[in-house]
Amino acid sequence: MANKKYVYEVNRGCTLCMTCIVECPRQVIVMTQEGAEIDQEKCIGCGICYDNCASEAIVKKELD
């Protein structure tokens with residue numbers, strides 16, 4: 001059985017706390033005035049940002 005692949009996106013409700021930036025092992029998240037943004041080209045899909053987002057603004061989507 002193959003491993004499932006996920007993509008993580010900042011949906012809405014980002015409180016600009018910067019926890020995801022601090023926790024990201026690849027430093028692929030930047031903060032904008034609207035909230036955090038994940039560079040999908042560099043993201044390895046580890047989910048650490050998702051697991052540590054206090055405002056639950058990051059969503060996990062399964063890739064086909």
Residues that are more than 11 Å from the chain's Cα centre (by Cα): which strands (runs of 3 or more DSSP E) entirely in the chain hold 3 or more of them? none
Considering every residue within the range 15-35, establish whether at least one is loosely packed, with under 14 Cβ neighbours inside 10 Å and touching a residue at least 40 places away in the same chain (Cβ under 8 Å). yes
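Where a number appears in this text, it was derived from the coordinates with a stated rule and is not lab data. Quick caveat: nothing in here was measured; it's all calculated off a predicted structure. Neighbour counts run over all protein chains shown; Cβ positions are idealised from the backbone, glycine included.
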